[in-house]
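K.L.:
Here it is, the structure, as structure tokens.
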Amino acid sequence: YAGLLFAGLASIGSKSIRNIVDDFKATEPFKKMKNSYTIEYLTECLKNFIYAPYTAANCMDIVEIIVSGYSKGQHLPEIRRITIFPGEASITIENKPGEFKMVFGGQTEVIQRVVTGWDVPGFVAVRNSIGMALSNYRQLLTDHLLTKNITEPLPEYDFFVKDLNELYGGFIPMKGTFTQIEQFSEQAAIDFVDFLIELTIKSQQFSNQLPTVGGDIHAAIITYSNGFQWVSK
């Protein structure tokens, strides 16, 4: 069983995302997967299938596809992310079988702040502010050393920015919601997802930007025993 979550584009060229997925399901590689498949192979085939029309249509927007489900014979789920943009299509392993964490795509700033305490724009602003402060302090030290007739150049601060990037890449929580996702009941997981989406919708209603999330919430759950089931559609 597997599910796909798309973010970024509603159509590629003259076809909607739904049409493209239907076309993919009619291909021989997909049909051969039905009896013996893995999420890894499914993700790779889907990436290659979508990247071709994306390139042909000269798309410039980023497309994110989250693939989640169970490989054949595997009792633990896994999640992979396809990212497509001009000139490149890549796959990231988000959750290996047996790993548990929140994975989200699309308009993620509000969810990131709630779950991890960070979001990308906020992190970039903090990183740039620290970089500017370090640059100013480096210049202050350089000027001070010149008054002592010392002209030895000081190290750059690039190494510290690299450390900050690695800190964010690890999603180390600040004051976000840090819960043990693996202990959620199915209903608690559904309620948490519903809360995060509702929060995103409400926050955008009061922002100074055009809302991009809204309408009915479509939620589904994928389990090994019952497969893909809609919760709300």
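The values are calculated or read from the model by the stated rules, or taken from the named source; none is laboratory data. Here the structure is a predicted model, which is why all the values come from computation and not from measurement. Quick reminder, even Gly has a Cβ in these numbers, built from the backbone with ideal geometry, and neighbours come from all protein chains shown. Areas reflect the complete protein model, heavy atoms only, side chains present, ligands, DNA and RNA absent. Shrake-Rupley method; radii C 1.70, N 1.55, O 1.52, S 1.80 Å.
K.L.:
Extending each Cα 7 Å along its Cβ direction at Thr212 and Ala52, get the distance between those two points in nm, one decimal.
P.N.:
So the label points at Thr212 and Ala52 sit 2.9 nm apart.
K.L.:
Moving on. At q = 0.10, 0.11, 0.22 Å⁻¹, what log₁₀ I(q)/I(0) does region 1-104 have when each alpha carbon counts as one equal point scatterer in the Debye sum?
P.N.:
-0.27, -0.33, -1.21
K.L.:
Using R₀ = 41 Å, calculate the FRET efficiency as 1/(1 + (r/R₀)^6) where r is the Cβ-Cβ separation of Lys15 and Gln183; round to 0.05.
P.N.:
Taking R0 as 41 Å, the efficiency between Lys15 and Gln183 is 0.50.
K.L.:
Suppose accessible area is computed on protein heavy atoms with a 1.4 Å probe; arrange Val126, Val103 from highest to lowest.
P.N.:
Val126, Val103
K.L.:
Can you count the Lys pairs in region 22-92 whose Cα atoms are under 15 Å apart, with each pair 8 or more apart or on different chains? Before the final figure, lay out the partial values.
P.N.:
Numbers: Lys25/Lys34; Lys25/Lys47; Lys31/Lys72; Lys32/Lys72; Lys34/Lys72.
Taking the Cα cut-off of 15 Å, the pair count is 5.
K.L.:
Hey, another quick one. Each label point is 7 Å from the Cα along the Cα-to-Cβ direction; what then is the distance between the points at Ile150 and Arg127, in nm?
P.N.:
According to this spin-label approximation, the distance is 3.1 nm.
K.L.:
Given a 1.4 Å probe and the protein chains all in place, what does the accessible area of Tyr137 round to, in Å² to the nearest 10?
P.N.:
Tyr137 exposes around 130 Å² with every protein chain in place.
K.L.:
Evaluate E = 1/(1 + (r/R0)^6) for Gln229 and Asp143, where r is the Cβ-Cβ distance and R0 equals 45 Å; express this FRET efficiency to the nearest 0.05.
P.N.:
E(calc), rounded to 0.05, equals 0.10.
K.L.:
Right, another one. Provide, for q = 0.22, 0.23 Å⁻¹, the log10 of I(q)/I(0) from a solvent-free Debye sum over equal Cα point scatterers in region 98-142.
P.N.:
Scattering profile of region 98-142, log10 relative to I(0): -0.76, -0.80.
K.L.:
Next question, about the same structure. Provide the solvent-accessible area of Ser129, counting protein heavy atoms only and rolling a 1.4 Å probe, rounded to the nearest 10 Å².
P.N.:
70 Å²
K.L.:
Can you give the helix-only mean residue ellipticity at 222 nm for the chain, where every DSSP H stretch with n ≥ 4 adds -39500 (n - 2.57) and the sum goes over all residues, rounded to the nearest 500 deg cm²/dmol?
P.N.:
Dividing the helical sum by the residues of the chain leaves -14000 deg cm²/dmol.
K.L.:
In percent, what relative contact order does region 182-233 have, based on Cα pairs under 8 Å that are 6 or more apart in sequence?
P.N.:
RCO, region 182-233: 25 percent.
K.L.:
In addition: With a 1.4 Å probe and all protein chains kept in place, how much accessible area does Thr38 have, in Å² rounded to the nearest 10?
P.N.:
60 Å²
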